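Let me begin by presenting the structure, written as structure tokens, before commenting on it.
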Amino acid sequence: MFRHGEQVGDPVFFRGALSSAGERLALDNPIAFDALLKQFLRWSPPRIAQVSRLVQHIAPLCRLLRATVVEQLGFEARSSAPDDDVRARPFTGLRNDWRRLLFPTADDATFADGYAQSITFALLLAHTEGIELELNSFHEIGRRLDADHALIGKALQLLTDNINERFTVTLDLLTRSIAKVDWEVIRSGNRDAYLHLYEHFLTVYDPALRQQSGSYYTPHEIVEEMVRLTEDVVRTRLGQEDGFGADEVKIIDPAMGTGTFLHTVIERVAEQATRHHGQAMARDAISRLATRLFGFELQMGPFAVAELRASDLLKRYGAPLPRSGLSFFVTDTLDNPFVEEEYLASTYDALADSRRRANRIKARTPVTAVVTNPPYDDRAEDRGGWVEKRPAGQEPPLLDAFRYPGNGRYEHVLKNMYVYFWRWATWKVFDAHPEDRHGVVCLITPSGWATGPGGRGMRDYLRRTCDEGWIINLSPAGLRAPVPNRVFRAWPSPWRSTSSSAGRTRYVDRAIRPSSTTGR
């Protein structure tokens, strides 16, 4: 018997071959075998009071659940039943709905991963909200989550309403383990308890997925400085004296992850309201901010953690959730924001509404500030969605604005996830809304676009579009992020290169000069 990869007790031996001994199969020690079975069947999950223990318990179960979904889809693919036969092919229908409502390009492996993470983190979120986790009560848990977390609640119901017996053991183990999590102890005295949760989860669950998705923890010190600098620009360059506390200022993180940037904005607004007007005003300031704060995330796991952290933060200040919930969405930021017109109405109202709201924000809602740490992947061709490519006969893709005449041989470097997010952010703030083209874009990304020939088009676009810009270089020695040679940059401010206290000053493209005075 093994638990968490470690052998428990001594092995029990049989005499004879299992495949051929039949009635002659005999035990060396029947009493020891009886004790081993009892120990196995009477197991109950231990109390979990540390993030590391939580991850050690739930990540393998989530991985097992993912593998079961892949097996089930393979089984259904061999079935002669039609796709819409819920009894014979329940997961085929779920996968199709998942594609139609959330991720049009998701393959079977992506769906299985989304399924497993959605259930795991929905149960974690429910437990933090004080919802009792009873076995085989997923629909009721989802219904109770629906009040404040409509997307996760509906997803839990949708994904568990037609499960069969092959899922029962894993789901029971997962539910029983999460029910033993002591959130109060985990949270007490540990500000970063949630901050590291998903990073540690991915390390155990699937390290390759972590690298592929670019899910890396951004040090809180860097996040705070990026948020501080962005707000300073909003105040001094855009005339908003109240910074992020101003009702006209909208903030978005298009690669939200577990929500560190947005939560830092919330804390900053609360602290400033308390300092200027007294502690009682923090609640009102956060309530108003919550309607102007947007986050997009591709994976259900970090999205659930972001909601969990935000909900916990609002409770700490006594601020209610907005009536329609937080404007955090599971969506592909780079997907076509006008795509809803291409789909028929869905019967899954919560998921369909989430998709419509996310697309409405992408397409129609002007934002003042984009601040994020986007994913990095230098082999991202065909993954840039609407930003990278458009069907023939439509307008040129947004990425074309980063191309430079005669620079084609170098522009393979534009096929990178961080470049796609650079272009989405600049389009959203500077190009998408002619009536409101004032704003700031602040990203932490590699320095290649600012130093190499492949970035000429990006630099040219920023020269023509923005009034001011700062490039702040952080040397690897002064940066505790897992990916070295990252560069933090913010627009606007004077077009010059500077350095962190731990870095070296290095001037980048000194020919860059602003060409207009539009507050960009």
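The values are calculated or read from the model by the stated rules, or taken from the named source; none is laboratory data. Remember, predicted model here, so these are calculated numbers, not experimental data. FYI the Cβ positions are ideal-geometry reconstructions off the backbone, even for glycines, and counts take in every protein chain you see. The accessibility values were calculated without ligands, DNA or RNA, using every heavy atom of the protein model including side chains. Shrake-Rupley method; radii C 1.70, N 1.55, O 1.52, S 1.80 Å.
Quick one: would you say R364 is under 24 Å from the mean Cα position of the chain (by Cα), charged (D, E, K, R) and closer than 15 Å to D335 by Cα? Here the answer is yes, as R364 does meet what is asked. Looking only at residues of region 348-380 that are more than 30 Å from L156 (Cα to Cα) and among the small types (G, A, S), we find that the one that is surrounded by the fewest Cβ atoms within 10 Å (Cβ to Cβ) is A380. In region 137-167, the residue that is surrounded by the most Cβ atoms within 10 Å (Cβ to Cβ) out of those that are closer than 24 Å to R42 by Cβ and touching a residue at least 12 places away in the same chain (Cβ under 8 Å) is F167. Say whether the condition of being within 27 Å of V339 (Cβ to Cβ), within 20 Å of the chain's Cα centre (by Cα) and not in a helix (DSSP H, G or I) is met by at least one residue in region 112-122. No, region 112-122 contains no residue that is within 27 Å of V339 (Cβ to Cβ), within 20 Å of the chain's Cα centre (by Cα) and not in a helix (DSSP H, G or I).
Apart from one condition, P375 fits all of (1) in a helix (DSSP H, G or I); (2) within 26 Å of E224 (Cβ to Cβ); (3) within 21 Å of the chain's Cα centre (by Cα); the exception is (1). In region 460-478, is there at least one residue being open to solvent by 40 Å² or more (accessible area, probe 1.4 Å), at pLDDT below 90 and farther than 30 Å from G239 by Cα? Yes, region 460-478 contains a residue that is open to solvent by 40 Å² or more (accessible area, probe 1.4 Å), at pLDDT below 90 and farther than 30 Å from G239 by Cα.
Examine region 9-29 for a residue that is within 30 Å of W183 (Cα to Cα) and surrounded by 11 or more Cβ atoms within 10 Å (Cβ to Cβ), and state whether such a residue exists. No, there is no match, as no residue in region 9-29 is within 30 Å of W183 (Cα to Cα) and surrounded by 11 or more Cβ atoms within 10 Å (Cβ to Cβ).
Yes or no: L64 in contact (Cβ under 8 Å) with a residue 24 or more places away in the chain, touching a Gly at 6+ places or on another chain (Cβ under 7 Å) and surrounded by 12 or more Cβ atoms within 10 Å (Cβ to Cβ)? It is false that L64 is in contact (Cβ under 8 Å) with a residue 24 or more places away in the chain, touching a Gly at 6+ places or on another chain (Cβ under 7 Å) and surrounded by 12 or more Cβ atoms within 10 Å (Cβ to Cβ). L36 falls short on exactly one of the conditions (1) without any contact (Cβ under 8 Å) to a residue 60 or more places away in the chain; (2) open to solvent by 50 Å² or more (accessible area, probe 1.4 Å), and that condition is (2).
Listed by position, the helices (runs of 4 or more DSSP H) contained in region 1-103 that have at least 3 residues being touching a helix residue (DSSP H, G or I) at 6+ places or on another chain (Cβ under 8 Å) are 51-77, 90-101.
Among the residues of region 311-330, the ones that are assigned to a loop (DSSP other than H, G, I, E, B) and open to solvent by 20 Å² or more (accessible area, probe 1.4 Å) come to 7 in all.
Filtering region 411-439 to residues that are open to solvent by less than 10 Å² (accessible area, probe 1.4 Å), under 18 Å from A369 (Cβ atoms) and not in a helix (DSSP H, G or I) leaves H433, G439. Per the conditions (1) at negative phi; (2) surrounded by fewer than 16 Cβ atoms within 10 Å (Cβ to Cβ), the sole criterion not satisfied by T264 is (2). Filtering L65, L54, L73, L61 for residues that are aliphatic (A, V, I, L, M), more than 14 Å from T120 (Cβ to Cβ) and within 27 Å of the chain's Cα centre (by Cα) leaves a single hit, L73.
Scanning region 266-310 for residues that are more than 19 Å from T333 (Cα to Cα) and in contact (Cβ under 8 Å) with a residue 40 or more places away in the chain gives I266, E267, R268, A270, A285, R288, L289, L308, R309, A310.
Here N190 does not fit the description of being open to solvent by 60 Å² or more (accessible area, probe 1.4 Å), closer than 25 Å to R95 by Cα, outside any helix (DSSP H, G or I) and at pLDDT below 90.
The condition of being of a type in the set (G, A, S), open to solvent by 20 Å² or more (accessible area, probe 1.4 Å) and within 29 Å of I152 (Cα to Cα) holds for only one of G385, G408, that being G385.
One line per residue, one yes/no per condition, for (1) among the hydrophobic types (A, V, I, L, M, F, W, C); (2) not in a loop (DSSP other than H, G, I, E, B):
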{"site": "A270", "(1), (2)": "yes, yes"}
{"site": "H276", "(1), (2)": "no, yes"}
{"site": "R283", "(1), (2)": "no, yes"}
{"site": "A304", "(1), (2)": "yes, yes"}
{"site": "R309", "(1), (2)": "no, yes"}
{"site": "L334", "(1), (2)": "yes, no"}
{"site": "A350", "(1), (2)": "yes, yes"}
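Under the condition of being closer than 12 Å to T368 by Cβ, over 21 Å from the mean Cα position of the chain (by Cα) and open to solvent by less than 10 Å² (accessible area, probe 1.4 Å), the residues counted in region 216-261 number 8. Restricting V269, V227 to residues that are in contact with a Ser or Thr (Cβ under 9 Å, 6 or more places away or on another chain) and aliphatic (A, V, I, L, M) narrows the list to V227. Condition check: at pLDDT 90 or above and either closer than 14 Å to L173 by Cα or surrounded by fewer than 21 Cβ atoms within 10 Å (Cβ to Cβ) (or both). Does R42 satisfy that? Taking the combined requirement at face value, the residue does not satisfy it. Taking the condition among the hydroxyl-bearing types (S, T, Y), closer than 30 Å to E184 by Cβ and surrounded by fewer than 16 Cβ atoms within 10 Å (Cβ to Cβ), does S80 pass? No.
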